[in-house]
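Report on one structure; see the data block that follows.
The values are calculated or read from the model by the stated rules, or taken from the named source; none is laboratory data. The shown structure was predicted, so the numbers you read here are calculated from the model rather than taken from an experiment. Heads up, the Cβs are rebuilt from the backbone with ideal geometry, glycines too, and the neighbour counts pull from every protein chain shown.
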Amino acid sequence: MRVYVVEASGKGGLIHYSYHLSRGLQRCGVETTLVTSTAYELRDLEHPFRVVEFLHLWDPRASKSGNPLWHKARRGLRGLQYIYQWYRLVNFLKREKPDVVLFGEMRFAFETYFLQMLRRSGIKLADIVHDVQAYDTRKGSDNILHQSEKHLAQYNKMYAQFNYLFVHDRSNRELFLNLYDIPAERVFEIPMATNELVLEVKPAYTPEGLRDHLGIPDDRPIVLFFGTITKYKGLVDLIRAFPAIHQATNAQLLIAGFPGKDVDVPELKGIVQSLDMNDYTTWFLDYVPNEWVAPMMEISDVVILPYRAITQSAVIQIAYACGKPVVATRVGGLPDIVEEGKSGLLADPQNPDSLAQAIITALDNKDKLREMGKYARHLAESRYSWMVVGDIIKKAFEKSL
């Protein structure tokens, strides 16, 4: 069986996921090829599968121009570039003739057209549905979800092109089947597997060196918000909760991630200032290099996911891989992954008081915190193994090939 995994992003969480997925499939006996960007950031790692650096795209995290006319023109040029790369990809896949093409995030409704071209060529299609619901990341919008009837109809048509659809965890499969008119036998549940990569990359710092580089006092516990900063992730709720957390525990808030276009960083910093939090808030507003992730997790006492909406999160699996407990909100599939009192604690969404209480409870009991970290690592090595994911996907393909 020949499977081609396609991920257009050569940098960030989605390519990390695709790297692990490709490795898991290959280890399960599937002949796997990863097709990705020419800006592939993991090329120096060991690859037991084939990699084709094929797509010529841009870095979405590159610095942005403040000129609105240039921004509009650039968006148009990028749109044309994206369409051209899709044409190249379709022709490449037709020549290669894999048994299955496995996609990740589908970004635009017009991609349905290219999927139809591939289906007509006789190639079976599969998709990892990372986000069952779409998030409204438009600048200035107050909405969390982008789920109009038109949007649902467009994505229903897109998902209908796939022979196999994989969603993370039971609750997200149920939600997917409620939202879209897709036969249940095409929709498979897979676990959100652990991020092993962070432990395989040589760290850029010792934990002590990173703490010193960030200027965080040695006597302060560290509460970590990690990952791309977007509106639906509820960072503002964590900020509003933090004065009470600091007063009770002397903790430092470490915010590490690249701000999305829907986030007003000066506004967030203004809230921190108004709450007199500057002395115990550390900002790292950039893409966190792979070499920083393990030491950043190691210096942190607990990882926080104060999300207002989510289907699943790879951040939990990074924390688990590093043996760190989490505090997460009761949204989407997070309660399926966080075993309360065993691998972390849960709080109510959009409720700074509930979030503060959960974090204080976690930090107040160091022995319990260590126990939860050990159990989180156990889950990463067992239930959330990529061999489990690879085996489920392989068996789904084998039934119809």
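When region 251-267 is examined, which residues are found to be surrounded by fewer than 20 Cβ atoms within 10 Å (Cβ to Cβ) and more than 22 Å from the chain's Cα centre (by Cα)?
Going through region 251-267, the residues surrounded by fewer than 20 Cβ atoms within 10 Å (Cβ to Cβ) turn out to be 258-262, 264-267.
Scanning region 251-267 gives Pro266, Glu267.
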Tyr135 fails exactly one of (1) surrounded by fewer than 16 Cβ atoms within 10 Å (Cβ to Cβ); (2) modelled with pLDDT under 90; (3) not polar (S, T, N, Q), namely (1)
In a loop (DSSP other than H, G, I, E, B) and assigned by TED's automatic domain parsing to the domain that holds Phe242, is that true of Ala319?
no
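Considering only residues that are surrounded by 13 or more Cβ atoms within 10 Å (Cβ to Cβ) and out of contact with any helix residue (DSSP H, G or I) (no Cβ under 6 Å at 6 or more places or on another chain), which ones fall in region 388-400?
In the first step, residues of region 388-400 are kept if they are surrounded by 13 or more Cβ atoms within 10 Å (Cβ to Cβ); the result is 388-394, 396-397.
Those that are surrounded by 13 or more Cβ atoms within 10 Å (Cβ to Cβ) and out of contact with any helix residue (DSSP H, G or I) (no Cβ under 6 Å at 6 or more places or on another chain): Val388, Asp391, Ile392, Ile393, Lys394, Ala396, Phe397.
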Considering region 143-165, residues that are part of a loop (DSSP other than H, G, I, E, B) and modelled with pLDDT of 95 or more, and then whichever is surrounded by the most Cβ atoms within 10 Å (Cβ to Cβ), we arrive at Phe162
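Could you list, in sequence order, all residues of region 239-258 that are closer than 27 Å to Gly13 by Cβ and out of contact with any helix residue (DSSP H, G or I) (no Cβ under 6 Å at 6 or more places or on another chain)?
Phe242, Leu254, Ile255, Ala256, Gly257, Phe258
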With Ala328, Ala358, Ala362 as the choices, which residue is in contact (Cβ under 8 Å) with a residue 12 or more places away in the chain and over 24 Å from Val198 (Cβ atoms)?
Ala358
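Give the residue, chosen from Ala241, Ala248, that is part of a helix (DSSP H, G or I) and buried (at least 20 other Cβ atoms within 10 Å of the Cβ).
Ala241
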Would you point out the residue of region 288-315, among those that are part of a loop (DSSP other than H, G, I, E, B), among the small types (Gly, Ala, Ser) and modelled with pLDDT under 95, that is surrounded by the fewest Cβ atoms within 10 Å (Cβ to Cβ)?
Ala309
Kindly provide the set of residues from region 316-338 that are at pLDDT 95 or above and surrounded by fewer than 21 Cβ atoms within 10 Å (Cβ to Cβ), ordered by number.
Gly323, Arg330
